[in-house]
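The values are calculated or read from the model by the stated rules, or taken from the named source; none is laboratory data. Just so you know, these numbers come straight off a predicted model, no measurement behind them. FYI the Cβ positions are ideal-geometry reconstructions off the backbone, even for glycines, and counts take in every protein chain you see. Heads up: the accessible areas ignore ligands, DNA and RNA and are worked out on the full protein's heavy atoms, side chains in. Shrake-Rupley method; radii C 1.70, N 1.55, O 1.52, S 1.80 Å.
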Amino acid sequence: MLVVTTVAAVQERRDELARTGKRLAFVPTMGALHEGHLALVRRGRELTDEVWASVFVNPTQFGPSEDLASYPRDLERDRALLEGGGVALLFAPSTKEIYPRPSATVIDVPELTAGLCGVHRPGHFRGVALVAAKLLNIVRPHVAVFGAKDWQQAAVIRRMVEDLAVPVQIEVHPTVREEAGLARSSRNAYLSPEERRTATVLSRALSEAAHAVRRGERQGAALERILAAHVGREPGARLQYAAAVDPDTLQPVTTVEGPVLLALAVHVGFTRLIDNLLTEGI
Ligand code: AMP
């Protein structure tokens with residue numbers, strides 16, 4: 001696996017690959033890799049001839065009081081995991097390489113970011129959209145693979161790509177979970193063993209609400225109450241939001257008439273965790 005740190009080196013390799021006619025998949029990450037990231041790599045390999053990945057902890061998507069400084073970083077371990085996963089090229093740029101000067105351009109998708117995480121992380125999705133656009137322009141993949149765990153992020157990127165006619169196919173892979181249901185996340189590294197157990201409340205609450213839909217619950221507000229009540233019963237867990245939304249528009253669902261996305265953000269100790277579950281509705 002080739003490891004490159006500059007935009008110029010990526011573009012040079014990309015031009016070489018173009019001459020072979022091979023199709024390229026790209027998996028952007030912030031590192032501290034886990035089985036979820038590796039599943040995206042495998043999906044990329046299924047869909048194309050070659051997979052490239054990036055590891056870049058993007059400062060523009062972190063709020064001033066968020067965990068940019070303490071975000072887990074272990075490039076050597078990430079390098080080994082990606083190489084084991086069959087990735088052909090790892091792009092691991094410095095912040096200066098991606099932002100030689102602060103971006104004067106803003107990419108905003110307000111329709112999709114007014115709710116859910118957007119309420120609690122102002123500016124977050126602008127940072128996500130900006131870095132995604134930039135990385136897609138640098139790498140020029142045929143397919144870019146994202147995870148359903150960050151559903152709102154994938155929705156924003158999908159819409160940005162559509163609106164700006166970025167020539168890439170966006171592929172979203174289902175959330176990879178631990179045995180106890182906890183969605184794999186780089187931020188799980190912050191959790192103590194006790195907090196890890198507490199953190200399973202997210203997937204338990206989502207399952208309970210999905211079960212209620214199957215039993216015939218049709219009120220979005222009632223589903224949100226089920227989620228909130230389940231989290232509320234778990235000492236050590238603090239709810240940030242519980243939502244039942246349309247999976248495409250991310251608008252709150254009043255009456256369930258089709259697929260519903262159940263979504264949660266919960267603090268466990270100092271760690272903020274998110275999870276979601278798509279139910280088919282009726
Ligand atoms: P991150 O490194 O957290 O920015 O995530 C990089 C990519 O991996 C994003 O597209 C995430 O949605 C995806 N991802 C993170 N965790 C999981 C998971 N448990 N299952 C599937 N995809 C994931």
Cα-based Rg (one decimal) and Dmax (whole number) for region 120-188, in Å? 13.3, 40
If I take the Cα coordinates of region 17-131 and project them onto the principal axes, what are the three extents in Å, biggest first? 41, 30, 30
Region 135-282 - accessible surface per residue (Å², probe 1.4 Å): 46 Å²
Report, in deg cm²/dmol and to the nearest 500, the calculated mean residue ellipticity at 222 nm for the chain, where each DSSP H run with n ≥ 4 adds -39500 (n - 2.57) and the sum is divided by the residue count. -11500 deg cm²/dmol
Placing +1 on each Lys and Arg Cβ and -1 on each Asp and Glu Cβ in region 45-160, then taking the dipole about the Cα centre, the residue among Asn58, Ala104, Gly127 whose Cα reaches farthest towards the positive end is Ala104
Using 7 Å Cα-to-Cβ label points, what is the His267/Val119 separation (nm, one decimal)? 1.6 nm
Could you list which residues have their amide H under 5 Å from that of Gly281, counting only those 5 or more apart in sequence or on another chain, with H placed in the peptide plane? Val260
Once all protein chains are kept in place, Thr5 shows an accessible area at probe 1.4 Å, nearest 10 Å², of 80 Å²
Length added when fully stretched, Thr6-Ser192, from 0.36 nm per residue minus Cα-Cα: 63.3 nm
What fraction of the DSSP beta bridges in the chain is antiparallel, stated in percent and rounded to the nearest 5? 50 percent
At 1.4 Å probe size, what's the solvent-accessible area of Asp163? Round to the nearest 10 Å². 90 Å²
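Please state the charge dipole magnitude for the chain, taken about the Cα centre, from unit charges on C-beta atoms (+1 on K and R, -1 on D and E), reported in debye and rounded to the nearest 20.
In debye, rounded to 20, the chain gives about 220.
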Determine the distance separating the Cα centre of region 189-235 from the Cα centre of region 140-158; give it in Å without decimals. 25 Å
Portion, in percent, of the accessible area of the chain that falls on carbon or sulfur, probe 1.4 Å: 52 percent
About its Cα centre, region 134-202 carries a charge dipole, from +1 on Lys and Arg Cβ atoms and -1 on Asp and Glu Cβ atoms, whose size in debye to the nearest 20 is 120 debye
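Among rounded, prolate and oblate, which fits region 73-224 when a ≥ b ≥ c are the square roots of the eigenvalues of its C-alpha gyration tensor, a/c under 1.5 means rounded, and a/b larger than b/c means prolate? If you can, show how the numbers build up before the last one.
Values: a/c = 1.89, a/b = 1.33, b/c = 1.43.
It comes out oblate by the Cα gyration axes.
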Convex hull (Cα only) mean projected area of the chain, reported in nm² to one decimal: 14.7 nm²
In straight Cα distance, which lysines are under 30 Å from Lys22, not counting same-chain residues fewer than 8 positions off? Lys134, Lys149
Sorted by accessible area with a 1.4 angstrom probe, largest first, how do Met160, Met1 fall? Met1, Met160
With every protein chain left in place and a probe of 1.4 Å, what is the accessible surface of His211, to the nearest 10 Å²? 90 Å²
